[in-house]
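Take a look at the structure below.
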Amino acid sequence: MRKIELEIVALSHSITQTHSYAVVLGEVNGLRRLPIVIGGFEAQAIAVALEKMQPSRPLTHDLMKNFMNAFVIDLHEIIICDLQEGIFYSKLVCSTEKDTVEIDSRTSDAIALAVRFGCSIYTYEHILENAGILMEDAGSDTGRKKKEKQEVMVESDAPTGNEDLKTMTLEELNNLLNEVLDNEDYIRAIAIRDEINSRSKNR
């Protein structure tokens, strides 16, 4: 089967399931999107890697990457290979000097590792046909697509407290950023960091 390459275009709160998130994968050079519901822990693991944040201690997926690097195991790609009763199934394609193996994985864990290794994410046509969403053509600006790939867009269907950030001083924002990082709330940290950065640019 022909593999279709995907890229992460958004990370949002899930409207259908409380305390869950959705990672939205987009077809490279295409208009289809594949939303996948994931847990809050996995969402933070993906966001941390996308935003190049440095946790005080390694998260589980960082530990796994360090373990694989220590034993010279490379992650070549991940493939979202099946969809059964609304559940996505994935595999990690790993190799050593002597062998290449495919390892069964939860899709959220596979994506979190793919971001850390900088490897490609693939799926198959029948999965996009069954679970994909076709977006309207907003122009074929390749540069815009590449820019999307470098960002994580955090969206919410309910207030997250980000509305209060505009009213806080820079000092209060920095203190709050340290506090949420201590609590490992990386989704919230992204919003605070973006607010700090936007004020620095406007100076």
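Read-outs: derived from the displayed coordinates by stated rules, not from any lab. Model, not experiment: these values are computed from the prediction. Cβ atoms come from the backbone with ideal geometry, glycine included; neighbour counts cover every protein chain shown.
Residues whose amide H comes within less than 5 Å of that of Val28, counting only those at least five positions distant or on another chain, are Glu5, Leu6, Glu7 (H built at 1.01 Å from N in the peptide plane).
Available extension along the chain between Val28 and Thr60 is 8.7 nm, counting 0.36 nm per residue and deducting the alpha carbon span. Annotation for segment 11-116: trypsin sites (Lys or Arg not before Pro) lying in DSSP loop with at most 14 further Cβ atoms inside 10 Å of their Cβ are Lys52, Lys98. Taking amide hydrogens as placed 1.01 Å from N in the peptide plane, the amide H of Asp82 sits under 5 Å from those of Tyr89, each at least 5 positions away in sequence or on another chain.
Work out, step by step, the length gained on full extension between Met135 and Asn202: first 0.36 nm times the residue separation, then minus their alpha carbon distance; give nm to one decimal. Let's see the in-between values first.
On the way: separation 67, 0.36 × 67 = 24.12 nm, distance 3.34 nm.
In short, 20.8 nm is gained.
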